Amino acid sequence: MIELKGVSKEFDARGVRMLALDTIDLAVEAEEFVALVGPSGCGKSTVLNLVSGLLRPTRGEVRYDGAPVSGPNRRVGYMTQKDTLLPWRTVEDNIGIALELKCRAVPSAERRERVSAMMDLVGLSGFAHHYPAELSGGMRKRAALARMLIYEPETFLLDEPFGALDAQLKLIMHQELLRLTRARKLTVVFVTHDLAEAITLADRVLVFTGRPGRIRAERKIPFGRERDAVRLRFLPEFGALHEELWDELKDEVVKGTEA
Ligand SMILES: Nc1ncnc2c1ncn2[C@@H]1O[C@H](COP(=O)(O)OP(=O)(O)OP(=O)(O)O)[C@@H](O)[C@H]1O
Ligand SMILES: [Mg+2]
């Protein structure tokens with residue numbers, strides 16, 4: 001579904017060329033859930049920006065469902081690292097925005113119903129009329145997630161979506177996301193700093209090197225989609241995978257702190 005072939009991305013950092021991603025080859029199958037982990041600044045968000053069509057590669061090719069990505073990719077839902085809720089719209093009007101903008105706008109009664117169901121799902125009912133500035137960091141993240149879910153895209157690009165959530169809510173969101181991936185046959189690229197979260201959710205975990213980002217290691221996660229996000233981490237296989245991947249990741253993180 002998603003293919004990066006020999007992709008490099010350079011940025012112009014105040015007149016100096018900076019290589020952020022170095023010759024990445026990455027293919028994500030339809031209905032596959034791939035997690036990206038790696039040290040800060042290694043280019044994880046840049047990968048999502050390329051797949052969503054917000055950025056173009058300096059070298060190489062990005063394809064989606066067989067066609068080159070040459071502009072905003074409307075078949076993906078992208079929850080960016082920094083939330084982009086509109087400050088002048090209430091929570092419900094932020095969440096419902098895709099249903100207003102979509103070419104065939106959804107009638108307002110149906111829109112209200114879907115927005116309300118979505119607010120229940122992410123635990124924001126009661127905050128419909130609040131503005132983003134009146135929410136906590138975790139609540140803003142949940143509103144941004146709801147805004148993406150309501151659009152029902154076939155592919156999710158999620159950049160640290162649960163980073164600001166408390167541990168309990170995070171588990172509930174993990175279970176919900178696993179359920180959604182099964183029910184809607186989603187393709188997902190998920191960026192996280194939390195290795196346990198990556199193993200809990202993904203079919204495959206990719207470890208990136210520090211900048212310039214390259215793929216250092218890759219592990220299949222053999223738990224299937226029917227897994228239970230809470231019980232999984234008590235399995236010995238979970239611990240073994242965590243240890244193996246941490247060995248790869250730790251090296252890169254330590255290198256970053258020495259640089
Ligand atoms: N639009 C941009 N213009 C200039 N430099 C950029 C731009 N976007 C990213 N970069 C640089 O590219 C590198 C990779 O950034 P990116 O945001 O992809 O990292 P990341 O892996 O997502 O990091 P983090 O885990 O901290 O979110 C960084 O050095 C960053 O400064
Ligand atoms: Mg990032």
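The values are calculated or read from the model by the stated rules, or taken from the named source; none is laboratory data. Please read all numbers here as calculations on a predicted model, not as lab measurements. Backbone-built Cβ (ideal geometry, glycine too); neighbour counts: all protein chains shown.
On the given criteria, is Leu99 in contact (Cβ under 8 Å) with a residue 24 or more places away in the chain and away from ligand 2 (no atom under 16 Å from the Cβ)? Yes.
Checking each residue in the range 157-189 for being under 13 Å from the mean Cα position of the chain (by Cα) and either within 16 Å of ligand 2 (Cβ to nearest atom) or outside the structural domain of Phe33 (by TED's automatic domain parsing) (or both) picks out Leu157, Leu158, Asp159, Glu160, Pro161, Phe162, Gly163, Val189. Whether any residue in the range 16-39 is closer than 26 Å to Arg111 by Cβ and within 16 Å of ligand 2 (Cβ to nearest atom) is what I want to check. There is no residue in the range 16-39 that is closer than 26 Å to Arg111 by Cβ and within 16 Å of ligand 2 (Cβ to nearest atom). Scan the range 9-25 for residues that are within 9 Å of ligand 1 (Cβ to nearest atom) and either under 19 Å from Leu249 (Cβ atoms) or of a type in the set (Phe, Trp, Tyr) (or both) and the total you get is 3. Within the range 143-166, one or more residues are surrounded by fewer than 19 Cβ atoms within 10 Å (Cβ to Cβ), among the small types (Gly, Ala, Ser), touching a helix residue (DSSP H, G or I) at 6+ places or on another chain (Cβ under 6 Å) and assigned to a loop (DSSP other than H, G, I, E, B).
Surrounded by 12 or more Cβ atoms within 10 Å (Cβ to Cβ), more than 14 Å from ligand 1 (Cβ to nearest atom), of a type outside the set (S, T, N, Q) and free of Cβ contacts under 8 Å to residues at least 24 places away in the same chain: which single residue out of Val28, Val34, Val106, Val115 fits that description? Even if it seems obvious, please write down each step before you answer.
On the way: Val28 fails: free of Cβ contacts under 8 Å to residues at least 24 places away in the same chain; Val34 fails: free of Cβ contacts under 8 Å to residues at least 24 places away in the same chain; Val115 fails: free of Cβ contacts under 8 Å to residues at least 24 places away in the same chain.
Answer to the selection: Val106.
Pairing each residue of the range 151-165 that is at pLDDT below 95 with any residue that is away from ligand 2 (no atom under 14 Å from the Cβ) and hydroxyl-bearing (Ser, Thr, Tyr), provided the two are 6+ apart or on different chains, yields C-beta distances under 7 Å for Glu154/Thr187.
Quick one: in the range 67-100, of everything that is over 20 Å from Leu135 (Cβ atoms) and under 16 Å from the mean Cα position of the chain (by Cα), which residue is nearest to ligand 1 (Cβ to nearest atom)? Give the steps one after another, and end with the answer.
Keep residues of the range 67-100 that are over 20 Å from Leu135 (Cβ atoms), which gives 67-78, 99-100.
Among the residues that remain, those that are also under 16 Å from the mean Cα position of the chain (by Cα) are: 73-78.
Details: Asn73: 17, Arg74: 21, Arg75: 22, Val76: 17, Gly77: 18, Tyr78: 13 Å.
Of everything passing the filter in the range 67-100, Tyr78 is nearest to ligand 1 (Cβ to nearest atom).
Glu218 meets the conditions (1) assigned to a strand (DSSP E or B); (2) acidic (Asp, Glu); (3) within 27 Å of Gly137 (Cβ to Cβ) in every case but one. The failed one is (3).
Assigned by TED's automatic domain parsing to the domain that holds Val254 and in contact with a Cys (Cβ under 6 Å, 6 or more places away or on another chain): does that describe Gly213?
On the way: assigned by TED's automatic domain parsing to the domain that holds Val254: yes; in contact with a Cys (Cβ under 6 Å, 6 or more places away or on another chain): yes.
Against the criterion (assigned by TED's automatic domain parsing to the domain that holds Val254 and in contact with a Cys (Cβ under 6 Å, 6 or more places away or on another chain)), Gly213 qualifies.
Condition test on Thr192, is it crowded, with 20+ Cβ neighbours inside 10 Å, touching a residue at least 60 places away in the same chain (Cβ under 8 Å) and away from ligand 2 (no atom under 16 Å from the Cβ)? The answer is no for Thr192.
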